[in-house]
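A short worksheet on the structure shown next.
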Amino acid sequence: MSQKASTPPLPIWQIAFRPFFLAGTVFITLGFILWALLLTNNLPDSLSQYQPYGGWFVWHSHEMIFGFVQAIAIGFLLTASRNWTGQPGISSNMLKAIVLAWLTARVAWLTPTIPTLVIMLLDMTAPLLATLGLGKTLAMGEKEHGKGSQKYNWPFVALLSAFTIIQMVFHLLLTSQPENITYLMQVAVLMMAAMTLWVAGRVLPFFTRARLQSPAKDLPKGLLEISMGSSWLVIPFYLAAQITENTALIIITAILAICAATAQSYRLAVFYRPGVSKEPMLWSLYLAFAWLITGYGLISIDLIVNLSNPSASVQLPWLHAMTIGGLLSMIISMMARISLGHTGRKIEALSYMTLSFALLQIATLVRLLGPSVAPSVSYVLAISCVIIALGIFLFHYGKILWLPRADD
C-alpha cells in the first residue's frame, strides 16, 4: 500500500515573506491609525485612561522598529536565504512558530498587566527563532556548496542575534533606566538603516539591470568598505557622543556621518542608469536609498548645530528621514517587488502603487518640514499619507500574499 502524500501547507505558510509581509503591513497600518487617533485626541472615551506597556510613546517607538521593520526583515532574510543556498529553508511549522511568537508579543505590548519578564521573553523569541532558522539554512547551503560559500550571508545571522539581545536590553532599561530608551531606539534605527543599505546595495544593481537591460558598473575599489564601514561606525560613536556629550566624540561622529552620506551617495550614483526615473518599481527604491543618505547628512548637521549652540534644541529630524523616507519607503518598494516575483507574477507597478510610493515621499517631506510651520497639522497630514500608502499596498497585495502562485 502506497503512503498517502502529505497535504501541502496553505500558500501563506509556504514561504516566509507571505505571512510577515501581510501581517506586518496590517499591523503597522492599524498602528498608524491608532497613533493618529492619539495625536488628535480622538480615542474613544472608554480608552482615554488606557496606557499600553511602557506608555504610548514607548509603544510607538518600539513597535515601529521591532514590531514592523524587524518582522519584514525576518520575512525577507528567511526568503532570500532560500535563493542564496538553493535550500528549501525553514519548514512551515517553524514559520508558524515564528509568526505566532511575533504576533503574541504585539498583543502582549497592548496588555499592560503582563509582567515585564514575559513581554521581554516574547519579544526575544521571534528574532531568536529566525536566527536559528536562518543559520540552519546557511549551514545546509555550505554543506552542499562548500565551506565558505555563504560567508557574505552569515553576518545577517549575527545581526538577527544582535536584535535578540537589543530586545532584552530594551526591557531592562525600561524598568531600570527609562531615560536611556531613546538612545537605544536611535541605535536600533541606525542599525536597520545600515542593514538596509547593505541589502539594497546587493539587490539594487540586479533589479536595475534586469528591468532596464543595461549592464551594471563595478564599484570603485574600496568604496563598499568605506561606505558601509562609516555607516556601521556611526552607530557606536553616535551612542557614545549622545551619552557623554564629549566634544571630540561629537566631532568624530559628525565626520563619520558626512563620510557615510558622501560614500553612499557615490555608491548610489554608480548604481543609477538612465531610465530609472520612468520606472516606479525602481525610482521608489532609489529615493528610499537617498532618504537614508539624507538621514546621515542630517545627523551631522544636528550634531554640529547642537555643539555650536547647545540651546538650539534640534529635534532629531534625521529619525523621520530614515524611518519614513528610508526604511518604510524601501520596505514598501521591496515588498511590492518581491511579492510579485516570488508568486510568479510580472514585476511591474500595479494600479495606484505609483501613488503609494509618492505619498511616502510627501509624508517624509511633511514630517521633516511641517513641524516648524504647522506642527499639529503636519503630523496628521504625514500619518494620513502613510496610512493611504499602506492601504493601497494592502488592497493590491493582500490577495497576492494569501493566494497560490499565479503559475501554479
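The values are calculated or read from the model by the stated rules, or taken from the named source; none is laboratory data. Just so we're clear, the structure is a prediction, and the values are computed from it rather than from any experiment. All Cβ positions, glycine included, derive from the backbone under ideal geometry; neighbour counts span all protein chains shown. For accessibility, only protein heavy atoms count, side chains too; no ligands or nucleic acids. Shrake-Rupley method; radii C 1.70, N 1.55, O 1.52, S 1.80 Å.
Given (1) under 18 Å from Leu159 (Cβ atoms); (2) in contact with a Phe, Trp or Tyr (Cβ under 6 Å, 6 or more places away or on another chain), where does Trp198 come up short, assuming only one miss?
(2)
Out of curiosity, is Ile90 among the aliphatic types (A, V, I, L, M) and in contact with a Lys or Arg (Cβ under 8 Å, 6 or more places away or on another chain)?
yes
Considering only region 339-355, I want to know if a residue exists there that is open to solvent by less than 20 Å² (accessible area, probe 1.4 Å) and within 29 Å of Val234 (Cβ to Cβ).
no
Scanning for something more than 21 Å from Leu184 (Cα to Cα) and in a helix (DSSP H, G or I), does region 227-237 turn up at least one residue?
So far as region 227-237 goes, yes, one or more of its residues are more than 21 Å from Leu184 (Cα to Cα) and in a helix (DSSP H, G or I).
Is there a residue being modelled with pLDDT of 95 or more, in a helix (DSSP H, G or I), open to solvent by less than 50 Å² (accessible area, probe 1.4 Å) and of a type in the set (Phe, Trp, Tyr) anywhere in region 252-267?
No, the conditions are met nowhere in region 252-267.
For region 40-72, which positions are open to solvent by 20 Å² or more (accessible area, probe 1.4 Å), aliphatic (A, V, I, L, M), part of a helix (DSSP H, G or I) and over 21 Å from Ile181 (Cα atoms)?
Across region 40-72, the qualifying residue is only Leu47.
Looking at Ala105, Ala80, which is the one that is small (Gly, Ala, Ser) and at pLDDT 95 or above?
Result of the check over Ala105, Ala80: Ala105.
In the set Phe20, Phe27, which member is aromatic (Phe, Trp, Tyr), surrounded by 19 or more Cβ atoms within 10 Å (Cβ to Cβ) and touching a residue at least 24 places away in the same chain (Cβ under 8 Å)? Give the derivation first.
Values: Phe27 fails: surrounded by 19 or more Cβ atoms within 10 Å (Cβ to Cβ).
None of the other options fit; the residue is Phe20.
Check off (1) touching a residue at least 24 places away in the same chain (Cβ under 8 Å); (2) open to solvent by less than 40 Å² (accessible area, probe 1.4 Å); (3) aliphatic (A, V, I, L, M) for Ala358 and give me the number that stays unchecked.
(1)
Starting from residues that are of a type in the set (Phe, Trp, Tyr) and under 14 Å from Pro205 (Cα atoms), keep the ones in region 260-296 and report whichever is nearest to the chain's Cα centre (by Cα).
At the first step, the residues of region 260-296 found to be of a type in the set (Phe, Trp, Tyr) are 266, 271-272, 283, 286, 289, 291, 296.
Filter once more, keeping what is under 14 Å from Pro205 (Cα atoms): 266, 271-272, 283, 286, 289.
Details: Tyr266: 23, Phe271: 21, Tyr272: 22, Trp283: 18, Tyr286: 15, Phe289: 12 Å.
That would be Phe289.
Consider only pairs whose beta carbons are under 9 Å apart and that are at least six residues apart or on different chains; among these, list those whose first residue lies in region 205-219 and is in contact (Cβ under 8 Å) with a residue 60 or more places away in the chain and closer than 15 Å to Pro280 by Cα and whose second residue is open to solvent by 50 Å² or more (accessible area, probe 1.4 Å) and aromatic (Phe, Trp, Tyr).
Every condition considered, the pairs that remain are Thr208/Tyr272.
Ser378: out of contact with any Ser or Thr (no Cβ under 8 Å at 6 or more places or on another chain), open to solvent by less than 10 Å² (accessible area, probe 1.4 Å) and under 23 Å from Leu30 (Cα atoms), yes or no?
yes
Any idea which of (1) free of Cβ contacts under 8 Å to residues at least 24 places away in the same chain; (2) in contact with a helix residue (DSSP H, G or I) (Cβ under 9 Å, 6 or more places away or on another chain) is the one Phe289 doesn't satisfy?
Result: Phe289 fails condition (1) only.
Here are some conditions: (1) open to solvent by 30 Å² or more (accessible area, probe 1.4 Å); (2) within 27 Å of the chain's Cα centre (by Cα). Ala248 meets all but one. Which one does it not meet?
Tallying (1) open to solvent by 30 Å² or more (accessible area, probe 1.4 Å); (2) within 27 Å of the chain's Cα centre (by Cα), Ala248 fails exactly one: (2).
Collect the residues in region 361-375 that are open to solvent by 20 Å² or more (accessible area, probe 1.4 Å) and touching a Gly at 6+ places or on another chain (Cβ under 9 Å), keeping them in residue-number order.
Selection gives Gln361, Leu365, Arg367, Leu368.
Kindly list the number of the only condition in (1) touching a Phe, Trp or Tyr at 6+ places or on another chain (Cβ under 8 Å); (2) over 19 Å from Thr29 (Cα atoms); (3) of a type in the set (D, E, K, R) that fails for Asp45.
That leaves (1) as the condition not met.
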